[in-house]
Amino acid sequence: MKDFLAKRKRLICWLAPACLGLLYMILCFVNMRRSIWFDESYSAYLTHFDFGKVWSLTAADVHPPLYYFALKSWAHFFGHTDFAMRCLSTVFGAIAIMFAFLWVKYKYGARAAIVSSLLLSISPVFIRYGEEMRMYTMVCAIVFAATYFMQVAIDNGKKQWWIIYAILVALGMWTHYFTALAWIAHVAYLIYIHKANFFKKKIFLYYFISVALFLPWIPSLWAQVSSVEQGFWIGATGVNTIADFWTEATLYQTANKTNNWFLVLSILEFVTVLAIFVKTHKKMRLVSLMALVPIIALVLLSMPPLKPMFVSRYVIYSMICAAALAPGVGLVCLINEPIVKRKQKKVAERKKYALITGAAVVLAANSIAGIATVYGIGSTNDSNQNSSVSRELYEAIASMNDELPIVTGSVWTYYDLSFYSGTQNKVYLVDELVNYDMGSLYPLRDSYFGKIHDFDAFMAEHEEIWYIEKASKSNDLAFPREGYTERSSYDLTLRENGDTYHVSLYQRTKL
């Protein structure tokens, strides 16, 4: 068997990442028909604008524009359905698996690459973001590609590899600012291996290429930083933040929402990974730095008087390194580790393989439990929130009358429902009710489709409408209003998340 595998090692090294990427894509596709939620509907809404407008709109929000450019281009060729647009993230996830495989294989060998890539392909948090219309798997693909090319460049020193690395660093910054923490981990690794020679080798000069490629976006970045300083939605950082980071990485669930047995499982994995790290840390410094540096940096950057900025998904590559790549590499390092003491060789072998077997069982059990959580939790980017039900809500209203327009005064409801807007039950927003004072609402402010500027003129064309709002919010800014009669009303409670929506059928009063 060993001879068979040895002769076909090259073929296996091509087939393994392809098969694992395919496995990952299948696991993502299973759950991809759930409703979109706000972050996704915002991403989708931007694809209606030209590239220049996407640039200016994202400059008013909090992220750089490269992912939105990629999504717009992807949708042009593959369509604007939720499945088609989410597939871009799945493809980037498969690319990330390929580069993670190449990196680990180059540094630690084929067996380590297969094991760590397998853990990556069944990672719950990685699957979750592989089925979402956001930039997180694109970030992973760029970070792992850059890590691979950096490792190659370190060994052969050729300029072309460093230039490719520099370009990828810039692309990472154009995709998400928190890739900077991965590049800090890289610099720490480069300083460690080169020590005093780091500056003599002038490796740092390649980062100037990255900065130069990022310069056109610097004014927009500065404006975004100023906007965030005025207030942001991220909560304070504490001990629970670190606990959530780990449980989300392993089970895609915040610690306070994790039930007792799953919490025990997650703690077991933490102890297992820690034990593997203690025994193998000298052999896996880079993957360890990739796992730890972003977490430490985020904690320090979130301490008062600074604004909190610790969001686990923003450093998803760190989550993956901690919960998938590091354990995978560490397991194989343990297997390959020779036992020196001959007198106790049998006992030592038993202990070693007992640890390896136990670790493999715990890692597999965590992945299975975490995937089950992902499939059951629904549509939200925060594993502590209720899930989105925009598809179910739209279909429920449309089923009552498939010809009437659906009107709302809530930008949040409109963003989500407008994605599913049909030719008959088209979704509209009452423009007079909205205060466009947030950067994420600028796409609505600057768009001309789906908005009602003159409600009376609109009702002159549509004698009847569905008006929808969350039952917990007042809609008396729009109704009751003179000249319109409420013919019927319904309270729709969606089983997916328990939210209740008040839906009313309004008719223009005939004189």
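The values are calculated or read from the model by the stated rules, or taken from the named source; none is laboratory data. The structure displayed is predicted, hence computed values, not measured ones. Positions of Cβ are generated from backbone atoms using ideal geometry, with glycine treated the same way; all protein chains shown enter the neighbour counts.
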**Report entry** One residue from LEU22, LEU11, LEU27 being in a helix (DSSP H, G or I), buried (at least 20 other Cβ atoms within 10 Å of the Cβ) and of a type outside the set (Ser, Thr, Tyr)
**Finding:** LEU27
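Yes/no matrix, rows are residues, columns are (1) more than 22 Å from SER367 (Cα to Cα); (2) buried (at least 22 other Cβ atoms within 10 Å of the Cβ); (3) in contact with a strand residue (DSSP E or B) (Cβ under 7 Å, 6 or more places away or on another chain):
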position	(1), (2), (3)
ALA236	yes, no, no
VAL239	yes, no, no
TRP246	no, no, no
VAL271	no, no, no
LYS282	yes, no, no
VAL287	no, yes, no
LEU298	yes, yes, no
SER302	yes, no, no
PRO308	yes, no, no
Query raised in the report: Of ASN384, ASN401, ASN336, which residue is outside the structural domain of GLY109 (by TED's automatic domain parsing), farther than 29 Å from LEU57 by Cβ, at pLDDT below 85 and not hydroxyl-bearing (Ser, Thr, Tyr)?
Result: ASN401
Query raised in the report: Pairs under 7 Å by beta carbon, first residue at negative phi and of a type outside the set (Phe, Trp, Tyr) in the stretch 20-40, partner surrounded by fewer than 16 Cβ atoms within 10 Å (Cβ to Cβ) and part of a helix (DSSP H, G or I), six or more apart or different chains?
Result: MET32/PHE83; ARG33/PHE83
Requested in this report: Residues being part of a helix (DSSP H, G or I) and at pLDDT below 90: count how many of those fall in the stretch 193-219.
Outcome: 7
Query raised in the report: Can you tell me which residue in the stretch 442-472 is farthest from ASP402 (Cα to Cα), limited to those that are within 38 Å of the chain's Cα centre (by Cα) and assigned to a loop (DSSP other than H, G, I, E, B)?
Result: ASP446
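Only one of MET319, MET303, MET309, MET284 is touching a Cys at 6+ places or on another chain (Cβ under 8 Å) and in contact (Cβ under 8 Å) with a residue 60 or more places away in the chain. Can you tell me which?
Criteria check complete, one pass: MET284.
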Requested in this report: Considering every residue within the stretch 102-122, establish whether at least one is part of a helix (DSSP H, G or I), within 30 Å of MET32 (Cα to Cα) and free of Cβ contacts under 8 Å to residues at least 60 places away in the same chain.
Outcome: yes
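Going by the conditions given, is LEU71 part of a helix (DSSP H, G or I), of a type outside the set (Ser, Thr, Tyr), touching a Leu at 6+ places or on another chain (Cβ under 7 Å) and farther than 23 Å from ALA223 by Cβ? So that I can check it myself, show each step before the final result.
On the way: part of a helix (DSSP H, G or I): yes; of a type outside the set (Ser, Thr, Tyr): yes; touching a Leu at 6+ places or on another chain (Cβ under 7 Å): yes; farther than 23 Å from ALA223 by Cβ: no.
No: the conditions fail for LEU71.
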Report summary line: If we keep only residues of the stretch 481-499 that are surrounded by 12 or more Cβ atoms within 10 Å (Cβ to Cβ) and modelled with pLDDT under 65, then the residue nearest to GLU432 (Cα to Cα) is ARG481
Query raised in the report: For the subset of the stretch 233-272 comprising residues that are among the hydroxyl-bearing types (Ser, Thr, Tyr) and not in a helix (DSSP H, G or I), which member is farthest from LYS351 (Cα to Cα)?
Result: THR237
Query raised in the report: When you go through (1) crowded, with 20+ Cβ neighbours inside 10 Å; (2) under 30 Å from CYS28 (Cβ atoms); (3) touching a Phe, Trp or Tyr at 6+ places or on another chain (Cβ under 6 Å) one by one for ALA166, which number turns out not to apply?
Result: (2)
Query - Lone unmet requirement of (1) surrounded by fewer than 20 Cβ atoms within 10 Å (Cβ to Cβ); (2) at pLDDT below 90; (3) in the same structural domain as ALA170 (by TED's automatic domain parsing) for ILE36 - result: (1)
**Report entry** Scope the stretch 274-297; condition over 23 Å from the mean Cα position of the chain (by Cα) and assigned to a helix (DSSP H, G or I); matching residues
**Finding:** LEU274, ALA275, ILE276, PHE277, VAL278, LYS279, THR280, HIS281, LYS282, LYS283, ARG285
